[in-house]
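Note sheet for the following structure.
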Amino acid sequence: MKLNANYSLGPTFNKLSKHPFITTAAACLMLFFFGFCFKTSITAGSYIYAGAVLIVLLALLVTIGKIGGNTKEKVIFVFSAAVLSIGSLFIISKFDNSPSLILWLSILILAVIVFMMYLTDTLTPVNFIIIMIAAGIILRFVYTLYTSSGDRQHDVGFWNFTWGHANYIEYWYKNGLKLPDFDVRSIWQYYHPPLHHMLMAVMLKILTFFKMDYGTACQALQFLPFLYSSLTIVVCYKIFRLINLKNLPLLISMAIICFHPTFVIMGGFFNNDMLCVLFMMMSIMFALKWYRKPTLLNIIPIALSVGLGMMTKLSAWMVAPAIAVLFIYVFVKNIKSWSKYLGQFAVFGCICAPLGLWWQVRNLILFNVPLTYVPLLSDTDPQFCGNLAPAKRLLDFGNGQLNYVYDAFTSYGAPYNEYNPTLGLIKTALFDEGHNGITSTTFPQIAITGPILFWVGTVLAVLCAAAFFVTMLSKKTELDKITRSFFLIFAITLLVSYYSFCFQFPFTCTMNIRYCVPLIPMFAMGLGLLLRRFSGKSAKEKLLRYSSYALVTAFVLMTLILFSQIAVLIPTQTSG
């Protein structure tokens with residue numbers, strides 16, 4: 001495929017690109033009304049709605065996007081895309097609303113749009129990235145259609161139950177802003193800061209106000225994590241552009257973000273993980289903007305992002321050390337204006353600290369709950385691996401661990417319990433946690449595709465991680481030393497926190513990518529930076545580029561295949 005060398009957005013998406021967050025949110029909302037994030041909510045009216053939306057979008061692409069150089073090209077484009085779209089809707093409706101068909105026919109429609117842009121010489125790298133973002137959003141939405149609050153979740157429990165994230169959401173739904181007058185440790189998951197659960201409760205109020213059935217409304221709450229996951233794509237794009245990634249290196253990094261299984265699966269979580277990740281990535285984005293223009297107005301969004309992130313989940317603190325490096329550097333560099341920056345830092349603290357810590361401080365004062373409280377599992381739990389030597393846990397990659405490519409739990413069909421944090425990180429990044437995730441035991445149809453995705457993903461993960469550390473430690477890069485230190489400290493903080501957590505709480509369930517998800521965009525960025533650095537015409541540089549392109553293409557394709565496969569059969573699962 002040949003892309004127009006011009007980096008500019010071009011006329012096709014120029015209007016939409018000016019407001020990417022609003023555009024992404026609008027796209028998610030349009031999809032939401034098709035099926036309310038649940039397959040059984042799709043009706044005949046859903047297809048009429050989808051057809052009307054597609055016609056409007058096609059008209060916008062032709063008029064605002066200016067696709068086609070003349071009337072004939074415009075007519076051909078509209079006719080071809082309209083026939084394909086309406087035909088696709090008809091086919092899907094005849095196959096019991098199959099999520100797999102929805103996914104692949106949507107990909108086909110987007111492919112037609114790409115082909116039309118190619119024919120009209122408007123297919124720039126960024127336009128192609130926008131199409132990829134659209135495909136990533138559709139993939140996330142289709143995943144929600146066949147994923148309920150009882151499928152592939154973490155500590156959600158059940159609606160109208162006595163514990164878990166679902167019960168925590170229902171507490172705020174029933175009690176408004178009334179804070180719990182009991183020790184939050186007495187009910188599982190109530191120790192978490194409440195922002196995510198409050199937002200879910202607000203949405204539940206809105207849906208039930210409009211007379212949506214309570215059970216349907218509870219499942220429709222998945223819209224918010226789906227939205228957070230989709231917005232994270234845009235935030236990552238903004239970060240990559242801030243470090244001047246563009247053209248094919250940018251496309252490669254964005255392909256990983258758009259189609260990474262972690263963001264698809266977390267977009268279906270009912271817990272607070274995805275919102276926390278969104279705020280962490282927003283903190284990184286705003287910190288980079290402040291570093292380039294250190295004004296009071298630019299430091300406030302950092303404070304809000306970090307504070308609201310910690311009000312979602314305390315682990316959002318992990319952005320703080322990297323941000324502190326930027327603060328210290330700018331302060332020392334501008335020491336003659338020390339009062340100006342101390343004032344900025346004071347404003348940062350006055351916003352961030354109350355938002356991020358009020359819940360923990362309140363529970364400490366009222367109920368003596370430790371600030372960093374985490375529920376403990378018993379050492380008699382089958383997951384316990386604290387009896388193994390640290391060296392074995394860190395360095396042992398044998399004993400069949402690479403034969404079983406999914407996160408291993410013996411109680412769910414695996415030959416052993418996972419104990420290596422590094423393998424746990426890779427496996428959960430692709431399939432999530434064993435007893436809550438995707439395995440060939442639960443989904444026999446992925447017996448071939450699962451291992452292929454594992455090995456492609458593992459090689460890609462190693463390449464991206466190596467690329468990140470090479471580019472961050474090398475002086476031969478376009479990034480200045482402070483920016484490289486910023487990213488490096490952030491990644492090291494995530495890794496140290498993750499491995500410390502795995503040894504402090506030595507259980508299989510702690511070895512999960514959800515405790516350090518921002519590593520994925522950091523490492524994806526590393527690969528983009530490496531490709532930008534080695535963009536010459538030597539044989540070695542060409543080998544690196546074409547190998548990376550092939551690897552990422554295989555990764556995207558296998559991800560699409562896997563998530564379409566697990567949509568075919570929906571086994572009965574229990575919530576984790």
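The values are calculated or read from the model by the stated rules, or taken from the named source; none is laboratory data. This is a predicted model, so every value here is computed, not measured. Reconstructed Cβ throughout: ideal geometry from the backbone, glycine too, with neighbour counts over all protein chains shown.
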Considering only region 504-555, how many residues are crowded, with 20+ Cβ neighbours inside 10 Å, among the β-branched types (V, I, T) and modelled with pLDDT of 95 or more? 4
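Give the residue, chosen from I137, I130, I91, that is modelled with pLDDT of 75 or more and more than 27 Å from the chain's Cα centre (by Cα). First the steps, then the outcome.
Numbers: I137 fails: more than 27 Å from the chain's Cα centre (by Cα); I130 fails: more than 27 Å from the chain's Cα centre (by Cα).
Exactly one of I137, I130, I91 is modelled with pLDDT of 75 or more and more than 27 Å from the chain's Cα centre (by Cα), namely I91.
Looking at this structure, is F279 within 24 Å of C37 (Cα to Cα) and not assigned by TED's automatic domain parsing to the domain that holds Y191?
Yes.
Is it fair to say G356 is within 21 Å of P180 (Cβ to Cβ), in the same structural domain as I302 (by TED's automatic domain parsing) and either touching a Lys or Arg at 6+ places or on another chain (Cβ under 7 Å) or not charged (D, E, K, R) (or both)? Spell out how you get there, then give the answer.
Numbers: within 21 Å of P180 (Cβ to Cβ): yes; in the same structural domain as I302 (by TED's automatic domain parsing): yes; either touching a Lys or Arg at 6+ places or on another chain (Cβ under 7 Å) or not charged (D, E, K, R) (or both): yes.
Judged against the criteria, G356 is a match.
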How do the pairs read when you match residues in region 313-340 that are polar (S, T, N, Q) with residues anywhere that are part of a helix (DSSP H, G or I), using Cβ under 8 Å and keeping only pairs 6 or more apart or on different chains? S315/C276; S315/S497; S315/Y515; N334/K340; N334/Y341
Among the listed residues G215, G268, identify the single one that is outside the structural domain of F523 (by TED's automatic domain parsing) and assigned to a loop (DSSP other than H, G, I, E, B). G268
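Just give me the residues in region 111-122 being touching a Leu at 6+ places or on another chain (Cβ under 7 Å) and surrounded by fewer than 22 Cβ atoms within 10 Å (Cβ to Cβ), in sequence order.
Kept after step one, since they are touching a Leu at 6+ places or on another chain (Cβ under 7 Å), are these residues of region 111-122: 112, 114, 117.
Correct list: V112, V114.
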Restricting the search to region 130-171, which residues are farther than 18 Å from T216 by Cα, without any contact (Cβ under 8 Å) to a residue 60 or more places away in the chain and among the hydrophobic types (A, V, I, L, M, F, W, C)? I131, W163
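Any idea which residue in region 472-503 is surrounded by the most Cβ atoms within 10 Å (Cβ to Cβ), counting only those that are of a type in the set (S, T, N, Q) and closer than 19 Å to M281 by Cβ? Lay out the reasoning, then the answer.
Here is the first cut: in region 472-503, the ones of a type in the set (S, T, N, Q) are 474, 477, 483, 485, 493, 497, 500.
Going one step further and asking which of them are closer than 19 Å to M281 by Cβ, we end up with 483, 485, 493, 497.
Numbers: T483: 20, S485: 16, T493: 18, S497: 16.
Filtering region 472-503 for residues that are of a type in the set (S, T, N, Q) and closer than 19 Å to M281 by Cβ, the one surrounded by the most Cβ atoms within 10 Å (Cβ to Cβ) comes out as T483.
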Can you find, within region 368-386, the residue that is surrounded by the fewest Cβ atoms within 10 Å (Cβ to Cβ) among those that are hydrophobic (A, V, I, L, M, F, W, C) and either in the same structural domain as P180 (by TED's automatic domain parsing) or assigned to a loop (DSSP other than H, G, I, E, B) (or both)? L376
Flagged pairs (Cβ under 6 angstrom, 6 or more apart or on separate chains; first in region 417-435, without any contact (Cβ under 8 Å) to a residue 12 or more places away in the chain; second of a type outside the set (K, R) and not in a helix (DSSP H, G or I)) are none
Quickly run through region 278-319 and pick out the residues that are small (G, A, S) and either outside any helix (DSSP H, G or I) or under 20 Å from the mean Cα position of the chain (by Cα) (or both). S283, A287, S305, G307, G309, S315, A316
Of these, V369, V347, which one is modelled with pLDDT of 95 or more and more than 30 Å from Y168 (Cα to Cα)? V347
Scanning for something assigned to a helix (DSSP H, G or I) and more than 19 Å from F21 (Cα to Cα), does region 227-243 turn up at least one residue? no
All but one of (1) in contact (Cβ under 8 Å) with a residue 40 or more places away in the chain; (2) more than 21 Å from P421 (Cβ to Cβ); (3) touching a helix residue (DSSP H, G or I) at 6+ places or on another chain (Cβ under 6 Å) hold for F534; state the number of the condition that does not hold. (1)
Residues of region 403-423 classified as more than 20 Å from N387 (Cα to Cα) and either touching a Lys or Arg at 6+ places or on another chain (Cβ under 9 Å) or modelled with pLDDT of 85 or more (or both), total: 4
